[in-house]
Amino acid sequence: MMLPKVLILNGPNLNLLGTREPEIYGRATLADLAAACEQRAVALGLAIDFRQSNHEGELVDWIQGSRGTHGAIIINAAAYTHTSVAILDALSALEMPIIEVHLSNIFRREAFRHHSYVSAVAHGVVCGFGGFGYEMALEAAARLIGTVFANDQPAGSNR
Ligand code: DQA
């Protein structure tokens, strides 16, 4: 049986987690977050694709590429959250659950972080819980995918 796959995207500078402003973003590295997500996904019956890029166009390519291959997307677009119409447009073309994540509580921070282009198309947002927010987002993804399948699949389907 193929497990539903969740694409977890991380935007610019998140490759520096662990050493980047640890008082804001914590001491866990991106590899630590990926490992925690992997573990949580197994428990939820999901597969994940965990990726990071510093390049807006690469993130857009990955979002486009998720159509037909992934059942949900979890995205921490980092600084592009606040600037990228291209990422908003790519996400708008998807017909799968979109969950926005931020490690920090962006609403407690500078005013320019209070607006998110991603929020306009996200089913929900998790922010302020550090790396644990990714696990919360996976829980939400599992539930949303389950709901979608429950509505869309004939009874007896085992997907
Ligand atoms: C962030 C918040 C953004 O404002 C910032 O540009 C980031 C990380 C977060 O996870 O808290 O790079 O998305």
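The values are calculated or read from the model by the stated rules, or taken from the named source; none is laboratory data. Computed from a predicted structure; not experimentally measured. Note that each Cβ is placed from the backbone with ideal geometry, even for glycine, and that neighbours are counted across all protein chains shown. In case anyone asks, the SASA skips ligands and DNA or RNA and just uses the protein heavy atoms, side chains included. Shrake-Rupley method; radii C 1.70, N 1.55, O 1.52, S 1.80 Å.
Annotations
- Distant-in-sequence amide H partners of LEU17 (H built 1.01 Å from N, under 5 Å): LEU30
- Were the residues from HIS123 through ALA86 laid out at 0.36 nm apart, the gain over their Cα-Cα distance would be 11.5 nm.
- Cα-based helix-to-principal-axis angle, 30-44 vs the chain, degrees rounded to 10: 20
- For segment 88-94, 3J(HN,Hα) computed residue by residue from phi via the Karplus equation (6.51, -1.76, 1.60; θ = phi - 60°) reads 4, 5, 5, 5, 4, 7, 7 Hz, glycine and proline entered as x.
- Segment 5-145, relative contact order [Cα under 8 Å, separation at least 6], %: 28
- Using Cβ point charges alone (K and R +1, D and E -1), the dipole size of the chain about the Cα centre works out to roughly 220 debye.
- Mean Cβ neighbour count within 10 Å, used as a protection proxy, ranking 62-73, 91-102 highest first: 91-102, 62-73
- Cα gyration tensor shape for segment 1-127, rounded if a/c is under 1.5, else prolate or oblate: oblate
- Per residue accessible area in Å² of segment 5-145, where ligands, DNA and RNA are left out and the probe is 1.4 Å: 46
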